[in-house]
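Participant: One structure is given below, represented as structure tokens, and several questions about it will come after.
The values are calculated or read from the model by the stated rules, or taken from the named source; none is laboratory data. Nothing here was measured: the structure is a model prediction, and the numbers come from that model. Positions of Cβ are backbone-derived with ideal geometry, glycine not excepted, and every protein chain shown enters the neighbour counts.
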Amino acid sequence: MTDSMTIDAIESAGAASVPPPVALAGVSKRFGATQALLDVSLALLPGEIHALVGENGAGKSTVVKVLAGIHQPDSGAVVLDGKTVTLHGPAHARSLGIAVVHQEPRLFPDLTVAENVFIGHVPSGRLGSVNWREMRRSADRIFESLSVHIDSSAVVRGLSMADQQLIEIAKALSIDARVLVLDEPTASLSAHEVVRLFEIIRQTRDRGVAVLFVSHRLEEVFELCGRATVLRDGRHVITAPTSELTAADLVRHMVGRSVSLFPRTTAHIGDVLLEVRGLTRVGAFRDISFSVRAGEIVGLAGLVGAGRTEVARVLFGLDRADAGEVLLDGKRVTFKTPSGALEAGIAYVPEDRHLDGLVGGFSIAQNVTLPIIPRLFPRFFIRGGRERAITEDFVERLRIRSTGVNELIEALSGGNQQKVVIAKWLATNPRVLILDEPTRGVDIGAKVEVHRIISELAASGLGIVLISSELPEVLAMSDRIIVLHEGRMSAEIPRAEASEERVMFAATGQMAEETSSGA
Ligand SMILES: Nc1ncnc2c1ncn2[C@@H]1O[C@H](COP(=O)(O)OP(=O)(O)OP(=O)(O)O)[C@@H](O)[C@H]1O
Ligand SMILES: [Mg+2]
């Protein structure tokens, strides 16, 4: 098996047998100083689900955008059914049967859900007028097949990341595709939505569609995909059947060295730092009580929408509680603003880096040091060198891939942006750190690094609240797991008794018999 196929090779292979419906032949793409792709060749077969994996910045989304007609290759080509084509834009790629779900939803916020799903191929009625009812009905049918409830006549603005991702998926499913490309489609979905999406992807494959699936979750790669391709630093490393690869192999190809997952050092568990008693916010959560000790990692598990983020927002002073109390070092506190919470030593790494996490137009260094500017620049004495030094330290520890700390945040890949958000809140040197999906979209190397840092922070005496939808992560990292279901606590499980089944049971509200006898 050759790593690098030429256009000729693919075209002549096509002459001999059935050519792959889609291939990249020796594609290179450069952005300024960054060589995003170098001589990448990849053929997708009909009826296969093909994983595309690699660290943050490896070039996965660039491959996706080349296939989507968003980027034109500098050299090399896209080959459809053995013929070289130039994709003039996303509409052109769609018209050729290339359906793409992008990593960052690319929706029109002021249009309705249904309009977004059918943009570019609106069903028309008699006299060519737009058939709105038919459009809404078709959108509803797609959402139904995904078993999700989204009002297709609602305007997109204000919808959650999960809903926006589901709309992206519906949009891709609405065309009769020969190729379905999904760029980290599961990043903001809850467990049951993922199960449903996988069923749909398998059905799509069984209809003979070629599927390219980008994910950082290796268990998904092995569950779903027949072959996998690894990219590293914009280069093709290997393509092989997943049955011939282990997770360790994949990781080694991705990072170019061996790493061990979930490093968790045991910490000395100290006094209670944070205590929450009967916390309630009407419409979001009710009667939540738990405590976090120094050195302890408390996992907050639950399905998307269970109220985990809402609890975190109240603890960080972004929202107000309607009842209950929060104690820090045994003293009752109320924060009207995040700066009050920060001053008291509570930091919050939010889940949506676009809304609350990062400031566009700012450099990496400016973003990292934003919350600590009053400390860095007492009495407005500007010390830019300090800003740079702090940032360089985090860039190195978190392995943030960039051309330097002065690079604009927009130029970083998704996962590297996430690392900057984490660096930003770690730089505030907090006592209680609330992390909301801290490794979503973060690659395996950086993930291990983030886990190591979380573990070290706990060992150094911080109290950590870890919100995560990734069960292996919650289970491996937490000393105790609090499970929320529809805004209420459905279980509190100590580390020794925690299992995926138990957490899932509680998260889906199936724990009634057990808690009535147990608690
Ligand atoms: N429009 C752009 N302008 C400048 N640099 C870019 C642009 N798009 C991508 N890059 C750079 O190209 C490289 C590859 O980025 P790409 O988004 O393809 O990575 P990725 O593998 O999808 O990463 P992630 O896992 O973080 O999503 C990165 O170094 C990124 O910073
Ligand atoms: Mg990407």
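Participant: Can you tell me which condition His216 does not meet? The list is (1) out of contact with any Pro (no Cβ under 9 Å at 6 or more places or on another chain); (2) part of a helix (DSSP H, G or I); (3) within 16 Å of ligand 2 (Cβ to nearest atom), and all the others hold.
Facilitator: With (1) out of contact with any Pro (no Cβ under 9 Å at 6 or more places or on another chain); (2) part of a helix (DSSP H, G or I); (3) within 16 Å of ligand 2 (Cβ to nearest atom) applied to His216, the lone miss is (2).
Participant: Is it true that Ala58 is aliphatic (A, V, I, L, M), buried (at least 24 other Cβ atoms within 10 Å of the Cβ) and assigned to a loop (DSSP other than H, G, I, E, B)? Lay out the reasoning, then the answer.
Facilitator: Working: aliphatic (A, V, I, L, M): yes; buried (at least 24 other Cβ atoms within 10 Å of the Cβ): yes; assigned to a loop (DSSP other than H, G, I, E, B): yes.
Against the criterion (aliphatic (A, V, I, L, M), buried (at least 24 other Cβ atoms within 10 Å of the Cβ) and assigned to a loop (DSSP other than H, G, I, E, B)), Ala58 qualifies.
Participant: So the check is Cβ under 6 Å with 6+ separation or different chains; which pairs have a first residue in the stretch 55-69 that's in the same structural domain as Ala25 (by TED's automatic domain parsing) and a second one that's surrounded by fewer than 24 Cβ atoms within 10 Å (Cβ to Cβ) and of a type in the set (Lys, Arg)?
Facilitator: As it stands, the answer is Gly57/Arg401; Ala58/Arg232; Thr62/Lys29, since those pairs meet every condition given.
Participant: If you go through the stretch 204-219, how many residues are out of contact with any helix residue (DSSP H, G or I) (no Cβ under 7 Å at 6 or more places or on another chain), within 14 Å of ligand 1 (Cβ to nearest atom) and not basic (Lys, Arg)?
Facilitator: Number of matching residues: 1.
Participant: Quick one: which strands (runs of 3 or more DSSP E) sit completely within the stretch 321-363 and have at least 1 residues that are under 25 Å from Val282 (Cβ atoms) and of a type in the set (Gly, Ala, Ser)?
Facilitator: Ranges flagged: 323-328.
Participant: Does Thr439 count as within 16 Å of ligand 2 (Cβ to nearest atom) and of a type in the set (Ser, Thr, Tyr)?
Facilitator: Numbers: within 16 Å of ligand 2 (Cβ to nearest atom): yes; of a type in the set (Ser, Thr, Tyr): yes.
For Thr439, the condition - within 16 Å of ligand 2 (Cβ to nearest atom) and of a type in the set (Ser, Thr, Tyr) - is met.
Participant: Kindly indicate whether Asp393 is in a helix (DSSP H, G or I), within 28 Å of Val304 (Cβ to Cβ) and either at pLDDT below 80 or not polar (S, T, N, Q) (or both).
Facilitator: Judged against the criteria, Asp393 is not a match.
Participant: Is it the case that the stretch 245-253 has a residue that's away from ligand 2 (no atom under 16 Å from the Cβ) and not in a helix (DSSP H, G or I)?
Facilitator: yes
Participant: Still on this model: Picking from Arg264, Arg313, Arg252, which residue would you name as being under 21 Å from Thr439 (Cα atoms), in contact with a His (Cβ under 8 Å, 6 or more places away or on another chain) and surrounded by fewer than 23 Cβ atoms within 10 Å (Cβ to Cβ)?
Facilitator: Result of the check over Arg264, Arg313, Arg252: Arg264.
Participant: Check every one of the strands (runs of 3 or more DSSP E) wholly within the stretch 64-106 and list those with 2 or more residues that are over 15 Å from Val211 (Cα atoms).
Facilitator: The strands (runs of 3 or more DSSP E) meeting that bar are 75-80, 83-85.
Participant: What number of residues within the stretch 93-110 are of a type in the set (A, V, I, L, M, F, W, C) and surrounded by fewer than 20 Cβ atoms within 10 Å (Cβ to Cβ)?
Facilitator: Number of matching residues: 2.
Participant: If you check His102, His71, which single one turns out to be closer than 26 Å to Val156 by Cβ, within 16 Å of ligand 1 (Cβ to nearest atom) and modelled with pLDDT of 95 or more?
Facilitator: One residue alone meets the criteria, His71.
Participant: Which members of the stretch 36-51 meet the condition of being assigned to a strand (DSSP E or B) and more than 8 Å from ligand 1 (Cβ to nearest atom)?
Facilitator: Leu38, Asp39, Val40, Ser41, Leu42, Ala43, Leu44, Ile49, His50, Ala51
Participant: Do we have any residue at all in the stretch 426-441 that's closer than 30 Å to Ala33 by Cα and not in a loop (DSSP other than H, G, I, E, B)? Outline the logic, then answer.
Facilitator: So in the stretch 426-441, the residues closer than 30 Å to Ala33 by Cα come out as 426-427, 438-441.
This time we only want the ones that are not in a loop (DSSP other than H, G, I, E, B), so: 426.
The answer is yes; a qualifying residue exists.
Participant: Across the stretch 322-344, what is the total count of residues that are within 29 Å of Ser188 (Cβ to Cβ) and at pLDDT 95 or above?
Facilitator: Number satisfying all stated conditions: 3.
Participant: Examine the stretch 84-92 for a residue that is crowded, with 17+ Cβ neighbours inside 10 Å, touching a residue at least 40 places away in the same chain (Cβ under 8 Å) and either within 16 Å of ligand 2 (Cβ to nearest atom) or more than 18 Å from Pro185 (Cα to Cα) (or both), and state whether such a residue exists.
Facilitator: No; the residues of the stretch 84-92 include none that is crowded, with 17+ Cβ neighbours inside 10 Å, touching a residue at least 40 places away in the same chain (Cβ under 8 Å) and either within 16 Å of ligand 2 (Cβ to nearest atom) or more than 18 Å from Pro185 (Cα to Cα) (or both).
Participant: Continuing with the same structure: Of the residues that sit in the stretch 290-309 and are more than 24 Å from Ser455 (Cα to Cα) and surrounded by fewer than 20 Cβ atoms within 10 Å (Cβ to Cβ), which one is modelled with the highest pLDDT?
Facilitator: Taking the candidates together, the pick is Gly305.
Participant: Name the single residue, out of those in the stretch 52-68 being of a type in the set (A, V, I, L, M) and within 10 Å of Ala36 (Cβ to Cβ), that is nearest to ligand 1 (Cβ to nearest atom).
Facilitator: Taking the candidates together, the pick is Ala58.
Participant: If you don't mind, another one. Considering only residues that are more than 16 Å from ligand 2 (Cβ to nearest atom) and in contact (Cβ under 8 Å) with a residue 60 or more places away in the chain, which ones fall in the stretch 389-413?
Facilitator: The one that is more than 16 Å from ligand 2 (Cβ to nearest atom) and in contact (Cβ under 8 Å) with a residue 60 or more places away in the chain: Thr403.
Participant: Output yes when any residue across the stretch 346-365 is in contact with a strand residue (DSSP E or B) (Cβ under 6 Å, 6 or more places away or on another chain), aliphatic (A, V, I, L, M), more than 30 Å from Gly57 (Cβ to Cβ) and at pLDDT 85 or above, and no when none is.
Facilitator: Yes, some residue in the stretch 346-365 is in contact with a strand residue (DSSP E or B) (Cβ under 6 Å, 6 or more places away or on another chain), aliphatic (A, V, I, L, M), more than 30 Å from Gly57 (Cβ to Cβ) and at pLDDT 85 or above.
Participant: Here's another thing I want to ask about it. How about the stretch 52-83: which of its residues are within 16 Å of ligand 2 (Cβ to nearest atom) and of a type in the set (A, V, I, L, M)?
Facilitator: Leu52, Val53, Ala58, Val63, Val64, Val66, Leu67, Ala68, Ile70
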